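Structure first, commentary second.
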Amino acid sequence: MKNIQVIAFDADDTLWVNEPYFREAEDKFCALLQDYLPMHSTASELFKVEIRNLSLYGYGIKGFMLSMIETIAVVTENTASMAVVNKAIEFGKELLNKPVELLPGVEEVLQNLKGDYRLVVATKGDLLDQERKLQKSGLEKYFHHIEIMSDKKEKDYLKLLKHLDCQPQDFLMIGNSLKSDILPVLQLGGHAVHVPYHITWEHETIENNVEHENFATAETITDILSLLKP
């Protein structure tokens, strides 16, 4: 990692808390439909609808809200009242208004790296929501560039690298998702550090272990400092 020029950070569950809020909303949603299906069955239906809708709505809370509404129609066979639909919308709005809770060590790491590297946010999700969270986080001052991506596949990272005028071998991606933050970057010849989070959305999990000369795992985000500045 000696030649790294640009360090990109995922946002959700790397810089700040995200997935626990979604799990909380999902639990409330599944409880809402208990008269129709057991909670675990509703959760399974919701996940199927979310995955089916990703290509239409992308990632983020608004897509989650639309998927909840569609799931209500599926689970209740179009018999649910508007009160049930309105409750699901309320769960989504609660998500949009959640406070931004920084993960331990994040600001310390950014303070240590700023000036030595170009720091970037590279995250998926809804544009307005991610902009709001970044503003509330107080972290904007540390970043050279903010990239809110529709997806995180090789082509999306290539677009980002071109914009940054950065070669893959000079790029480091840090994130909690092996599927989105790590594998595409390694496949391009870049560097990647996985910082696991205790909860990961099912869609972001992979079964295989990652082995690559440009890959490392950090138990916490502060461990990145010793990887970069041994």
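The values are calculated or read from the model by the stated rules, or taken from the named source; none is laboratory data. What you see is a predicted model, and the numbers here were worked out from it, not measured in a lab. So basically every Cβ, Gly included, is an ideal-geometry build from the backbone, and we count neighbours across all protein chains shown.
Within the stretch 176-215, the set of residues being over 13 Å from the mean Cα position of the chain (by Cα), among the polar types (S, T, N, Q) and in a loop (DSSP other than H, G, I, E, B) comprises Asn208, Asn209, Asn214. In this structure, is Phe91 hydrophobic (A, V, I, L, M, F, W, C), in contact with a helix residue (DSSP H, G or I) (Cβ under 8 Å, 6 or more places away or on another chain), surrounded by 19 or more Cβ atoms within 10 Å (Cβ to Cβ) and within 30 Å of Ile72 (Cβ to Cβ)? So Phe91 fits the description; yes. Scanning the stretch 130-167 for residues that are surrounded by fewer than 18 Cβ atoms within 10 Å (Cβ to Cβ) and within 12 Å of the chain's Cα centre (by Cα) yields Ser150, Asp151. Within the stretch 55-79, the residues that satisfy the criterion of being touching a residue at least 24 places away in the same chain (Cβ under 8 Å) and either closer than 13 Å to Leu33 by Cβ or of a type in the set (A, V, I, L, M, F, W, C) (or both) are Ile61, Phe64, Met65, Met68, Thr71, Ile72, Val74, Val75, Thr76. A Cβ distance below 7 Å, combined with a sequence gap of six or more or placement on separate chains, defines the contacts here; from the stretch 92-118, residues that are at positive phi reach residues that are surrounded by 15 or more Cβ atoms within 10 Å (Cβ to Cβ) and part of a loop (DSSP other than H, G, I, E, B) in the pairs Gly105/Ile221; Gly105/Thr222. Scanning the stretch 188-204 for residues that are over 24 Å from Leu158 (Cβ atoms) and in contact with a Ser or Thr (Cβ under 9 Å, 6 or more places away or on another chain) returns Pro196, Tyr197, Thr200, Trp201.
Could you figure out which of (1) without any contact (Cβ under 8 Å) to a residue 24 or more places away in the chain; (2) among the charged types (D, E, K, R); (3) loosely packed, with under 15 Cβ neighbours inside 10 Å isn't true of Arg23? Of the numbered conditions (1) without any contact (Cβ under 8 Å) to a residue 24 or more places away in the chain; (2) among the charged types (D, E, K, R); (3) loosely packed, with under 15 Cβ neighbours inside 10 Å, the odd one out for Arg23 is (1).
When the stretch 156-175 is examined, which residues are found to be polar (S, T, N, Q) and not in a helix (DSSP H, G or I)? Within the stretch 156-175, Gln167 is the sole residue that qualifies. Looking at Pro168, Pro196, Pro184, just one residue is modelled with pLDDT of 95 or more and out of contact with any Lys or Arg (no Cβ under 9 Å at 6 or more places or on another chain), and that residue is Pro168.
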